[in-house]
1. Condition first: open to solvent by 80 Å² or more (accessible area, probe 1.4 Å) and in contact (Cβ under 8 Å) with a residue 24 or more places away in the chain. Now tell me which residues in the range 21-41 satisfy that.
2. Would you point out which residue out of 58, 38 is under 13 Å from the mean Cα position of the chain (by Cα) and of a type outside the set (Val, Ile, Thr)?
3. Answer yes or no as to whether residue 55 is open to solvent by less than 80 Å² (accessible area, probe 1.4 Å) and either farther than 19 Å from residue 1 by Cα or out of contact with any strand residue (DSSP E or B) (no Cβ under 9 Å at 6 or more places or on another chain) (or both).
4. Report, by residue number, each residue of the range 44-80 that is touching a helix residue (DSSP H, G or I) at 6+ places or on another chain (Cβ under 7 Å) and part of a loop (DSSP other than H, G, I, E, B).
Amino acid sequence: MAKLQDELRKLGKKNPQLLLKKLKKMELTELELIILKSRYIDGLFFKQIPEVIGKSESWMFKVHKQAIKKIVDNIISLIY
């Protein structure tokens, strides 16, 4: 998962519009999309994101993990 997060961060810096377009094609909730956009496109630290979404840090981490799992599942479904 860490490798995927590194790649998201790199793409978010290199081509934020492309990353946002790809994330919007995934079956993410609005909250998941906001968290991923905040982290990987806007470059916020994890500690800053709860202020953006109005939720606790532990809730944010849970939703982030869920969103990353959805991305992995989407990638796997492309292979099989």
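The values are calculated or read from the model by the stated rules, or taken from the named source; none is laboratory data. This structure is a prediction, so every number in the text was calculated from the model and none was measured. Note that we place each Cβ from the backbone using ideal geometry, even for glycine, and neighbour counts take in every protein chain shown. The area values use the complete protein model at the heavy-atom level, side chains included, leaving out ligands, DNA and RNA. Shrake-Rupley method; radii C 1.70, N 1.55, O 1.52, S 1.80 Å.
1. Narrowing the range 21-41 to residues open to solvent by 80 Å² or more (accessible area, probe 1.4 Å): 21-22, 24-25, 27, 30.
Once the filter is applied, which keeps residues that are open to solvent by 80 Å² or more (accessible area, probe 1.4 Å) and in contact (Cβ under 8 Å) with a residue 24 or more places away in the chain, the range 21-41 yields only 27.
2. Only one candidate qualifies: 38.
3. Values: open to solvent by less than 80 Å² (accessible area, probe 1.4 Å): no; either farther than 19 Å from residue 1 by Cα or out of contact with any strand residue (DSSP E or B) (no Cβ under 9 Å at 6 or more places or on another chain) (or both): yes.
Judged against the criteria, residue 55 is not a match.
4. 44, 56
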